[in-house]
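Enquirer: Handing you a structure now.
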Amino acid sequence: MLWETPPPIPQWLVLAGVVVQYGSTAGQLAVGLIIGTSLAANLSLVGAGPYLALGLADVEMGQHLKYSFKWMMLMNLLMVIAAALLGAISF
């Protein structure tokens, strides 16, 4: 057998089971995860990507957060509005 223990269950699969019980859909969960991830990936203090990009641009993380946060929140708001207009999520 390839694994001695079964492979872990993906987190989105567990979350999908929960949101369906509360009247939402897995598609709406996916949209929410994508929108949230776009903010987290660019402003994360944990991942290596932002630090690599900031090092190449010779910018400190504090300067990046002060400048980028408002623009990332604006972009997320626009993505939520677009998703609502397209019917991907409902309120």
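FYI, it's all coordinate maths here, none of it is from the lab. This structure is a prediction, so every number in the text was calculated from the model and none was measured. Positions of Cβ are backbone-derived with ideal geometry, glycine not excepted, and every protein chain shown enters the neighbour counts.
Enquirer: Give the order of I89, I34 when sorted by the count of other beta carbons within 10 angstrom, beginning with the fewest.
Expert: Numbers: I89 19, I34 12.
Taking fewest neighbouring Cβ atoms as first place, the list is I34, I89.
Enquirer: Against the 2.2 N^0.38 Å scaling, with N counting residues, where does the chain land? I'd like the Cα-based Rg ratio to two decimal places.
Expert: On the way: Rg = 17.5 Å, N = 91, 2.2 N^0.38 = 12.2 Å.
Cα Rg divided by the expected 2.2 N^0.38 Å: 1.43.
Enquirer: Continuing with this model, one more query. Fewest Cβ neighbours within 10 Å first, please rank Y22, Y67, Y51 accordingly.
Expert: Y22, Y67, Y51
Enquirer: Compute the normalised compactness of region 47-91: alpha-carbon radius of gyration over 2.2 N^0.38 Å, N being the residue count. Please list the in-between numbers first.
Expert: Values: Rg = 14.8 Å, N = 45, 2.2 N^0.38 = 9.3 Å.
Relative to the rule-of-thumb radius for its length, region 47-91 sits at 1.58.
Enquirer: Before anything else, pin down the relative contact order of the chain: Cα pairs under 8 Å, at least 6 apart, normalised by residue count, whole percent. Don't jump to the answer; show the numbers that get you there.
Expert: Working: 37 pairs, mean separation 24.2, N = 91.
Computed over the chain, the figure is 27 percent.
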